[in-house]
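The values are calculated or read from the model by the stated rules, or taken from the named source; none is laboratory data. Keep in mind that what you see is a predicted model, and the values were worked out from it rather than measured. Every residue, glycine among them, receives a Cβ derived from its backbone with ideal geometry; neighbour counts consider all protein chains shown. We work out accessible area using only protein heavy atoms, side chains counted, and drop any ligands, DNA or RNA first. Shrake-Rupley method; radii C 1.70, N 1.55, O 1.52, S 1.80 Å.
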Amino acid sequence: MEAMIETCCGIDVHPKSIVCCILDGSLDSNKPKKIQKKFGTTTVALHNALDWMV
């Protein structure tokens, strides 16, 4: 399957936390850079997660 997106984010949702994982790399590369961070589930923490992803 051919890659079509250079940057994507997956979110693993738990009752007390979420884990965001960003994969970033050129379409020519088979090894994207992985950036992962854990956040809480309060409103402030979710806003921080959004700011981090953007």
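Near Asn48: Cβ cut-off under 13 Å, other residues only, Lys/Arg at +1 and Asp/Glu at -1. The net charge is +1. Overall, the chain carries a charge dipole of about 340 debye about its Cα centre when +1 sits on the Cβ of Lys and Arg and -1 on the Cβ of Asp and Glu, all other atoms neutral.
Neighbours of Asp12 by Cβ distance under 13 Å: Lys/Arg scored +1, Asp/Glu scored -1, total +3. On a per residue basis, the chain carries 84 Å² of accessible surface, using protein heavy atoms and a 1.4 Å probe.
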